[in-house]
Amino acid sequence: LVQVTRALGSRDGSVLFDRIAQATLDLVEGAGRAFVLLGGPESLQVVGRALRPGESGSPSLAIAANVVLQGREVITQDVGAVAVSESIESMNLRTALCVPLFDERRCIGVVYADSRGATDQDLQQVAWLVRAFAAYAAVAVKNRELLDAAERRTLHAREVAHDLSNVASGLRLGIDELGELHTDPETRITLRDLRQMSSSIMEALQGLLD
């Protein structure tokens, strides 16, 4: 749990998701695989994984998709009683623990572990901690969304500042050209003031771009 907490501040979400998967694998006795999946029922993607030596493959999407759709966890030592699919049969899965991952009230993924054998462990007793891992994953997703939004706003602000800087540069160039055409003192003073103003605008905008 400490490693999961430390990874929460990482900009690389995969670090946290892999650690959540590893923590889940360590927690569930006899589990051979653990995963973190994000997405809707039809678009789930593995974003974190942990495997025992000799294990491979992907999680049962039949189980994971049903948990996302229903928003309810699955804890079973008889996988065939809760889901039927070719992958479950081919992997000969027996035990599964799958906990939904919520963003407020919306289910956005799952934390999942499975095994080919049964376990004497009371999975209900460890499910609460897996729920805590799922909550960490949800926070990570939210943080990533907020950071991405902030980066988009910053990029937009820089683009606007760049455009305004070009306008101010063109204005100063036009003022310089007018200064060459006019010899009237009052006009030249006005043009000088305008040029100073445009220069100040350009300096301020350059500060935003740096």
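FYI, it's all coordinate maths here, none of it is from the lab. What you see is a predicted model, and the numbers here were worked out from it, not measured in a lab. Neighbour counts are summed over all protein chains in view; Cβ atoms, including those assigned to glycine, are modelled from backbone coordinates with ideal geometry.
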- Kindly give Rg over Rh for segment 45-107, based on alpha-carbon atoms, with the Kirkwood expression for the hydrodynamic radius. 0.97
- Could you check the simple spin-label distance between residue 51 and residue 78, using points 7 Å along Cα→Cβ, in nm with one decimal? 3.1
